[in-house]
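Notes follow the structure.
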Amino acid sequence: MSALLDALAAEFHGEGARREAFAAALASGLPTKRAERWKYTSLHALEQRTFTPSASPSVPVDATGLAGIPAPRLVFVNGRFDGALSDERGLPEGVSLRPLAASLEGDPRETAFLARRFDDTDEVFARLNAAFAHDGAVLRVADGVHGDGPLHLVFLGAPAAADVAWHARNLIELRRGASLTVVEHHFGTGGHAHFGNLLTHVHLAAGARLLHARVQHEGTGATLIARTDAVLAREAEYRRVDLELGAGLSRHELNVRLEGGGARLLANGVLLADGSRHLDTRLCVEHIARDTSCDLVWRGLAADRSRAVFHGGITIRAGADGSDARLSNKNLLLSEGAEIDAQPVLEIHADEVKAAHGATVGRLDETAMFYLRSRGLSVADARRLLIGAFCREPLRAPGDAALVTMLEARVEAALAASVPA
Amino acid sequence: MRRAHDVTHRARSARYDFNDPRFPIPYFPALHPMLKIDNLHVRIAGKDILKGLTLEVQPGQVHAVMGPNGAGKSTLGYVLAGREGYEVTQGSATFEGRDLLALEPEERAAAGLFLAFQYPVEIPGVNNTYFLRAAFNAQRKARGEAELDSMQFLRRVREKLQVLHLKDDLLQRGVNEGFSGGEKKRNEIFQLAVLEPKLAILDETDSGLDIDALRNVADGVNALRSPERAFLVVTHYQRLLDYIKPDFVHVLADGRIVESGGPELALELEEHGYAWIKDRIAPGAVAR
């Protein structure tokens, strides 16, 4: 058994489904690199570590990072809801936003989504989440309601007496024809090496439209395992941008089921690995109904001794005729010591589909570097310009100008800090 | 305000760093040519390309370097601009008295050298104006001059567009992104106009252009001619020289200048082709 699971077992006192989920997690243990879905990401170091449970009420927090994040916002410190830092003002009529801890005390139908079972042996983190998560955001939007400004979910990592393990569960549910913009922030407010385990469910009913941006800029010691499971009904549209800019180890699984005819997914992202960071993004898109589409644009950078792993899996099930699937994954290897693993996987079991996918790993174009330097730019400026341009395409996807500007600024800042002058 | 005794003081005390762009050497054209290439030998991937090239350019002059394919024309432009992978095995090149070959490409740009590329590079996602301002200000900064803010820069850029009769949609597009061949060459001339170098090297700027685009580009170059600025026009064909009138024409063959003359030399090449210079590069005829 692993030190990590031993320590979790010592603190566990759940019942029923929670106990079942935990028993299953203990039985299988953490996945090794032999598991296909964990081939490029070793959990060996994580498995040796022990964490204390995330305490509530939470530790004092340096809140300066929140200054640029307007209301309405829910703030979680080390996975625990922090009412003092949260600000629910300006929540549109028909939009309900509550911490999970509060929902657990109310009508059980409110939290029915927690009953989801995880049957695969390598779904250990989801099982742990099912066993431990008592906090997170529960967000529901009623039929036909259009939220205007973005709504923010903030996950702050704050230094505590010892490194903390936290498990949080989110639900984002949009009813028929509803629309909303959600921005998920992950960042650290000081040096810490917490382990976060976040599971998010996204349910989009017929004709619902969700724009979902996630900016992961945790401290370099942090370990973050995140998973998003989305289900789209007929004519629903899910646009999403993921920026992976921080953490020591960050794994994100994005599983999207296009269950209703005409459902559309546009998922873009940037992986910016430097130092000894390990980023692993795994997409699993399933076209189940007819005329569904996905458009995935991902860019990866790896500098220093870092590693960026990208798996883009698209499955077009039998009967999903007329589906249109596109995946573009380009990567830049910026140093000899870095590694990029790019794996586009396309499985087609239907007829009359359009599918295109491509993945490349390259280096900075020497001719372009010379061109820029011949105009007077220094090596550092030329690199920054080329790398910035390389990352820009996925950022345009949201279409929302203010959001694009915010995302561009976040990437610029991360690049300025990471591209050596 | 600088007073006379300050100058004397500096002259007495300062050790002059000849390669520091902040302190340009007092430049006397009568003593130094602007560009002086002496017996330059260049090797690329183990192969000798330039084999003793000698050339001098004074401010205000337009020199045309013509030659057949493989003569070393593009190599000349690249080695002067500082591209990596070009090994100088012998000889020298100075720019206003400074050792050009010791400078990084960006230092050469700041010193006043500009290469218009034969194949301008597409840089998707980088806005043309943003790029040009970054380059312009980087050069100013390297020279110890004040940088321009975006309003000042935009004013300057619009002036240049007018002089060159270019449309201002050029400003908002990505650098050469999706440009036609003609548009790319025009963009090179536009950059040249904004950056105002002392010496502009045009590497086969006429290649791939139809006659209208060629005339357009040539008009741009002519508008930028001045007594202070020199041009080195590298070309395979004489037709560009119908529009950009050179003061001197040189024939580059097998890595050396084998013939120099006035504009009439270009016409001679047009009439007879490059075949007649073959005997000049025959081993027996080459003095080494």
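General observations
- Condition check for B:K160: within 14 Å of chain A (Cβ to nearest Cβ) and farther than 22 Å from A:E366 by Cα: no
- Test: residue in region A:285-299 that is under 18 Å from A:Q216 (Cβ atoms) and of a type in the set (K, R): yes
- Qualifying positions in region A:250-273 - of a type in the set (D, E, K, R) and under 24 Å from A:A193 (Cβ atoms): A:R251, A:E253
Yes/no matrix, rows are residues, columns are (1) modelled with pLDDT of 95 or more; (2) among the hydroxyl-bearing types (S, T, Y); (3) more than 25 Å from B:R143 (Cα to Cα):
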site	(1), (2), (3)
B:D20	no, no, no
B:P29	no, no, no
B:I49	yes, no, yes
B:G85	no, no, yes
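- Residues (crowded, with 21+ Cβ neighbours inside 10 Å and among the basic types (K, R)) located in region A:292-306: A:R299
- Exactly one residue out of B:A138, B:A111 is more than 8 Å from chain A (Cβ to nearest Cβ) and modelled with pLDDT of 95 or more, and it is B:A111.
- Across region B:171-191, the qualifying residues are those that are in contact with a Leu (Cβ under 9 Å, 6 or more places away or on another chain) and within 11 Å of chain A (Cβ to nearest Cβ), and the one among them that is nearest to B:F117 (Cα to Cα) is B:E188.
- Qualifying residue in region A:109-116 (condition: polar (S, T, N, Q) and either over 29 Å from A:E47 (Cβ atoms) or surrounded by fewer than 21 Cβ atoms within 10 Å (Cβ to Cβ) (or both)): yes
- Taking the listed residues A:G275, A:G262, the one that is of a type outside the set (F, W, Y) and touching a helix residue (DSSP H, G or I) at 6+ places or on another chain (Cβ under 9 Å) is A:G275, with no other qualifying.
- From the list A:L91, A:L85, the lone residue that is more than 24 Å from A:L224 (Cα to Cα), in a loop (DSSP other than H, G, I, E, B) and in contact with a Leu (Cβ under 7 Å, 6 or more places away or on another chain) is A:L91.
- Only residues that are in contact with a Gly (Cβ under 9 Å, 6 or more places away or on another chain) and either among the small types (G, A, S) or farther than 23 Å from A:A208 by Cα (or both) were counted in region A:145-184, giving 17.
- Cβ-Cβ distances below 9 Å connect no pair with a first residue in region B:140-163 that is without any contact (Cβ under 8 Å) to a residue 40 or more places away in the chain and on the phi > 0 side of the Ramachandran plot, a second residue that is among the acidic types (D, E) and surrounded by 12 or more Cβ atoms within 10 Å (Cβ to Cβ), and a separation of six or more residues or different chains.
- If the condition is being within 14 Å of chain A (Cβ to nearest Cβ) and either more than 21 Å from B:P33 (Cα to Cα) or of a type outside the set (G, A, S) (or both), then region B:77-94 contributes B:Y78, B:V79, B:L80, B:R83, B:E84, B:G85, B:Y86.
- Search result, residues across region B:213-234 that are surrounded by 23 or more Cβ atoms within 10 Å (Cβ to Cβ), in contact (Cβ under 8 Å) with a residue 60 or more places away in the chain and of a type outside the set (A, V, I, L, M): B:F231
- In region A:126-170, the residues that are in a helix (DSSP H, G or I) and among the polar types (S, T, N, Q): A:N129
The values are calculated or read from the model by the stated rules, or taken from the named source; none is laboratory data. This one's a predicted model, so the numbers in the text were calculated from it and none came from an experiment. When we count neighbours, we look across all protein chains shown, and the Cβ atoms used for this are built from the backbone with ideal geometry, even at glycine.
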